[in-house]
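Q: The structure is given below, and queries will be raised subsequently.
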Amino acid sequence: MTIQELRARLAPHPPKPPALSTSKAGRDLAKAVPTAVVALALVAVSVLWHVELFVALIAVALLIGLWEAAGAFMVKGIRIPLVPAGIGTVAMVASTWIWGLPAGFLVFMATAAAAYFWRVHDGSRGAPRDAVAGIFALGWISLLGCFAVALSGLDDAPWLIALLVLLPVASDTGGWMAGVLFGKHPMAPTISPKKSWEGFAGSIALAIVAALLILTLLLGRPWHVATLFAVLAVVSGTLGDLSESLLKRDVGVKDMGSLFPGHGGMLDRIDSILMWAPLCYLLAVHAAGF
């Protein structure tokens, strides 16, 4: 069996592109709030029961994210090599959990090479572009996700996972509330018109409150450490959100998917967490004395 035949058998149909953006309406809170509660409860149960279940959830989330990214790129006629990317993502998560981040990075490099060979080998027009897009998706989604896996293996993992997840949630909530009530000055009008500087301030405020509750009140860490966590979570999360908004605007979609009612796709929910994960890991290891 040739590699072309194997590729056709394993991936006979490309992912369906997301619907084109036709509305500027906000989220449906009647759907968004219950969805968020269920998702957070699922994460909490996985962490408190067996942290390995949380690692498995990470792998599933990354695979769904890759699928959504492939669908978005399809709008522009770009075909991400999903088979090697998906297999490599699972291997990256597993190797990071067993042997640590260096092992995950080595698997990432091998997966990037495999993805490039998989797409370029047939010599079709646009194959190098497709391969590069696949490597970009691997770095943005899978490699950043490995930092969340590494975080799960540290001491006090449940608290660190709470910081990883809840600080972006607090940032999003504070930003939405302040933006709706006070937003007048757009932060990046050509990328995300609804994101305002007033909303950014709200994100900082609520994230600091959440960090103080977790780090200072519950764990006894200094207030300035909690503030550092909160500020970096908001800044990195905002950059992650704006980066995804830039990609969505370029391909012309409103959401990356429709997995979560009222929220959009997996990438719409984890874009901030992915960008925050490396900083959260580095802070936990080097700045906060965990």
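Read-outs throughout are calculated quantities, based only on the coordinates presented, and are distinct from any laboratory measurement. Since this is a predicted model, take the numbers as computed values, not measurements. Positions of Cβ are generated from backbone atoms using ideal geometry, with glycine treated the same way; all protein chains shown enter the neighbour counts.
Q: Report the Rg/Rh value for region 138-210, based on alpha-carbon coordinates and the Kirkwood definition of Rh.
A: Numbers: Rg = 15.1 Å, Rh = 13.6 Å.
Using Cα coordinates only, the ratio equals 1.11.
Q: Arranged by the count of other C-beta atoms within 10 angstrom, fewest first, what order do S203, S272 take? Please report the intermediate quantities before stating the final value.
A: On the way: S203 32, S272 26.
By the 10 Å Cβ count, ascending: S272, S203.
Q: Let me ask another. What distance in nm lies between label points placed 7 Å from Cα along the C-beta direction at V180 and R129?
A: The two pseudo-label positions are separated by 4.1 nm.
Q: Arrange the following residues from fewest to most other Cβ atoms within 10 Å of their Cβ: I98, I80.
A: So the ranking, lowest neighbour count to highest, is I98, I80.
Q: Another question, if that's okay. What distance in nm separates the two pseudo spin-label positions at V60 and V209, each 7 Å out from Cα along the beta-carbon direction?
A: 3.1 nm
Q: Taking H placed 1.01 Å from N in the peptide plane, check which residues at least 5 places from M187 or on another chain put their amide H under 5 Å from its amide H.
A: K195, S196, W197
Q: Short version: ³J(HN,Hα) in whole Hz for each residue of region 179-184, in order, from phi by Karplus 6.51 cos²θ - 1.76 cosθ + 1.60 (θ = phi - 60°), x for Gly and Pro, what are they?
A: Karplus-based 3J(HN,Hα) across region 179-184 equals x, 5, 7, 10, x, 9 Hz.
Q: Relative to 2.2 N^0.38 Å, what does the C-alpha radius of gyration of region 101-244 come to as a ratio? Two decimals please.
A: That works out to 1.32 for region 101-244.
Q: Got a sec to turn the phi values of region 236-241 into Karplus ³J(HN,Hα) couplings, 6.51 cos²θ - 1.76 cosθ + 1.60 with θ = phi - 60°, whole Hz, x for Gly and Pro?
A: 5, x, 5, 5, x, 5
Q: While we're looking at this one, here's another question. Hey, fewest Cβ within 10 Å first, where do F229, F200 land in order?
A: Least crowded to most crowded, the residues run F200, F229.
Q: In nm, what is the difference between 0.36 nm times the number of residues separating F136 and V45 and their Cα-Cα distance?
A: That works out to 29.6 nm of additional length.
Q: Between M109 and W223, how many nm apart are label points set 7 Å from Cα along the C-beta direction?
A: Inter-label distance under the simple model: 4.6 nm.
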